[in-house]
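Structure record follows, encoded as structure tokens.
The values are calculated or read from the model by the stated rules, or taken from the named source; none is laboratory data. Quick caveat: nothing in here was measured; it's all calculated off a predicted structure. Ideal geometry is used to build each Cβ from the backbone, glycine not excepted, and the neighbour counts take in all protein chains shown. Accessible surface is based on the protein model in full, side chains and every heavy atom, while ligands, DNA and RNA are left aside. Shrake-Rupley method; radii C 1.70, N 1.55, O 1.52, S 1.80 Å.
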Amino acid sequence: MEGASQLVSMVGQLVGEEYRTLRSVGGQVAELRDELATMNAVLRMQSDGEDGSVDHFVREWMNQVRELAYDAEDCIHLYIFRVRSRPNDPFFLWSRRLFATLFCRRRLADEIRDLRARAVVISERHARYGLIREAPSNSSSLPPAPRATTHELRAANDPDQFVGISDQAKLLAAKVEKMDDNKERKVFSVVGFGGLGKTTLAMEVCRQLEAMFERHAQVSVSQTFDGRKDLQALLKRVLQQIVNVKVKPDNEKGIKEEASPTLGRIDQMDLDGLTSTIEEQLKNKRYLIVIDDVWTIAAWEVIQFKFPRNNNGSRIIVTTRIDTVAKACSSGSECRHQIRPLDAKDSEKLFLSRAFLSKDASCPNELEAEMGKILKKCAGLPMAIVSIANVLASYQSPDSKFMWERICRSIGPEMDSNPTMEGMRQIVTLSYNHLPHHLKLCMMYLSIFPEDYVVFKDRLLHRWIAEGLVEEKRGLTLLEVAEGYYKELMSRNMIDTAPFVSHNDDGGVETCRVHDMILEVMVSKSLEANFASLVGGQYVGMSYDKIRRLSIHGVEQGANDLSPPPKKMAAGRHGKRDLMEGMNLKHVRSFSMFELEGHKLLDRLEEFTLLRVLDLEGCNGLTDKHLQDICRMYLLKFLSIRGTYTCEIPPSVGDLEHLQMLDARDTNLYGLPETVINLEKLERLLFSRKYTRVPTWEPPSGISRMKALREVNNIVIRDNIQVAKEIGDLEGLQGIGLHLDGRSEIHKEVCKHLTASLCRMNALRWLNVGENGGSIDNTLDYLMDLHSPPQLLRYLRFAGRLSRLPDWVGALSYLVEFCMSFGYLEGDQPFAVLCKAPNLRIIRLQQNFYRGDELVARTTHKFPALKELRVSCPYEFPSVFSFEEGSMTKLEMLELQFSDCEKSIEGVEHLKKLKEVQLTGSKDNPTIKSALELLKEESDRRSKDNNQFIVGVKYW
């Protein structure tokens, strides 16, 4: 204690009169935190308003407050993570830390004073210019966005002007027209993102079916629909149409009926009067009503009860951008139509008709390449195609190639400034403005990724969490909350699922992407708010003041000096080299690298003092020296070196005490340092080597210290009994991939303790169990002894020899996907067990899963929920896949690999719900040709029942 007293005395002498100032830093930080909370509340209120409701002065003030909030947050994080003493520090350590951080505290105190002074100045400037006004409390207080009237919709949607809508219209019209014994009113919904043509489709269906209904009406719903005021106006528009003068379809002489006397009294009616009049007019009539652009379930619930539920076969068609609203409107999937983007042929036809003002126009050869690029950006979105084509309508000659190239590269800025493309921007902005505040930030975050980039869902969700964009909710983990955000954005059609054919050993891979037009608006908003700074690609020459989130894009093919920078930011005055060298990196909290060959900023990683997210996936320029720098980023929460050629992670990785996510998949690493067990906040630890699926990382004893761990993959247990025991102590673990080495001398002892651990892991959602060493013994038979298997498992994979499939697998109530390889099963295995799993949707049977000649799905194998069966064992048994009558009653997707082997399918006619069959194999294989003929014949036979399935083949 004497040494500690001397140190305190020395500190007191050094600090002198400034000690009181330094001691007050904690209180000042608390006050600054309160100031920051107030700033965020103001920004949140303002962000709830639509673009048009916030003038330029308020917008500039918001930017100043936002920058101040960023700086304040940086200051607080520096205090929390670098200066503040830990509550459990002993006195000696506290004293030494106080001395070591003396100058940091002094500088921090000065920064806090400056920040608070800036807040006062911004507030005074706000008042001085008379900008203080009440911020909109929510979007419902804003005027509704302008919508076209019914007359305008009909005029704009002249069916002769449309391309690519006829097939969808015929399909939907047939469903709407169809009458059965039940003549109750039905509601059909058309769902899809704005600009896809939902209104057009609904109006075309009405045109086709006009003669079959006695009453018609088409009305639009405001985004800010009010339950009473707006409902009254909507019902007036409906009533005006259903009582208006019309010509009877069967009146050959075309004599007009007299207008209803009700028409003149509509303006004087209150809500009750309108409701009763509509009831009277429609109760004995077959009516068809379009309710266009419904935004909320609450709005629909108010509207739907105003129309009588008669038994005359009446129909209501609802259009909406949101899946959950569509499901609330229409009871069954057969009544919901997901509108499709235009295909390549129709996209080109629509573009040419607008750009060259003729239905039969053709594109000059000199412009075809640019047209292809433009149509790729539009991705089948009719509104985008029309908007851009209208801009190019003035440049039709082959000499216009220069302008086409320029507009193609600058579509984002053009959307900001060109009146003909303003409509497209408004459509996207309307959907964005309707998002809750937290979803706006998550949506804007996607501006970090390059155009056409396919984003892995788990990568995106964990980045959201590390950036602090996910709010805590009682009873839910942050990952569960983030999952909800993701599903909501999917439901609103703001992001789309992206095709990705590969599956890893931990279950299916889910990916997404953002439509190019939506991305352009997100980039514009992100740059305006200084949310992200984009460098490289189409953003070459951009300059920034303070960089918060830095994203390095790869070199864009065909880019040149003609491409202007985005409008919201000024182009740099210096060359790229000077711009990079002068970039201030101390405020960067997120760094993403999409230039795969690396970037010279990697050599400045030591300057990223506030970095929380470092995503270097696929970066070839990463070196061991860079890893040394990364391991000094003490604030880091998310680290991805996936797909790099990294050979070694230094032991100092254990010092990253705030790290939550470490993705080291597909690298040259043989293992991880033992110090990873010091990462007590780590939630997700992923590891794999390039070019091999054989796990090589053996976790050390002490892994039970990682209490926050939720997911870990590809670990090997050879002869470490302690690790087998400790895995059971990770009570929060939701996913694990583990392999046992069957050659170990104490294999049975390890299996016994691992079995006991698995029985204790009640939170487990996915489990991947395998064996290393290629043993001929049934090395996975220890799984038979799981007397209490994890009951919440949704994904299960076995990769090793089994004498039979454990019975407990069929009792897993939540199991959705099962995968099997190297099991060498026989007889009715694995179907006899798997058919008992009540919610099993996907089965994947892979290499050497079976050693019998014929695999039969028997009549007793009903599989109550199975949708997909994918078999990929090209060179081994079975050679016959047989389906008995009554088996796999819900199967929709069947995938089989033939390769060069003789294989056959029997009993496909018994799969009544089949929608798609995919075959893979050699083009010269005669048995694959026989299977194709059989399948096509069966599909054609079902055509009379409108129950055909798709047959596809991929040749090697």
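Checking the cross-link pairs K183/K327; K376/K586; K170/K912 against a 30 Å limit on the alpha carbon distance flags K376/K586 as lying beyond it.
Placing dummy labels 7 Å off each Cα toward the beta-carbon, the span from E177 to D624 is 7.4 nm. In this calculation the C-beta distance from K345 to N365 is compared with R0 = 25 Å, giving a FRET efficiency of 0.85. In this structure, D807 and K376 have a Cβ-Cβ separation that, at R0 = 60 Å, corresponds to a calculated FRET efficiency of about 0.70. Excluding ligands, DNA and RNA, the accessible surface per residue across the stretch 832-893 is 39 Å² with a 1.4 Å probe. Here the spin labels are modelled as points 7 Å beyond Cα on the Cα-Cβ line, and at L596 and K681 they lie 3.3 nm apart. Estimated at 0.36 nm per residue, the fully extended path between R237 and N312 surpasses their Cα-Cα distance by 24.7 nm. Multiplying the residue separation of E606 and K229 by 0.36 nm and subtracting their alpha-carbon distance yields 129.8 nm.
With the Kirkwood sum run over all distinct C-alpha pairs, the stretch 867-921 has a hydrodynamic radius of 11.5 Å. Dimensions of the stretch 807-941 along the principal axes, based on C-alpha atoms and rounded to the nearest Å, stand at 43, 34, 20, largest first. Spin-label model, D781 to N284: label points 7 Å out along the Cα-to-beta-carbon direction sit 8.0 nm apart.
Here the stretch 726-784 has 45 percent of its accessible surface on carbon and sulfur atoms, given a 1.4 Å probe and all protein chains in place.
Surface composition of the stretch 657-696: carbon and sulfur make up 46 percent of the accessible area, probe 1.4 Å.
Per residue, the stretch 593-734 exposes 37 Å² of solvent-accessible protein surface, assessed with a 1.4 angstrom probe and all protein chains in place. Once the C-beta distance of E826 and Q918 is scaled by a Förster radius of 45 Å, the resulting FRET efficiency is 0.95 to the nearest 0.05.
Accessible surface of the stretch 787-922, 1.4 Å probe: 47 percent of it comes from carbon and sulfur atoms.
Rounded to the nearest 20, the size of the Cβ-charge dipole of the stretch 713-797 about its Cα centre is 300 debye, with Lys and Arg at +1 and Asp and Glu at -1.
Solvent exposure of the stretch 325-390, expressed per residue, is 48 Å² of accessible area, with all protein chains present and a 1.4 angstrom probe.
Annotation for the stretch 266-308 versus the stretch 666-715: alpha-carbon center distance of 60 Å.
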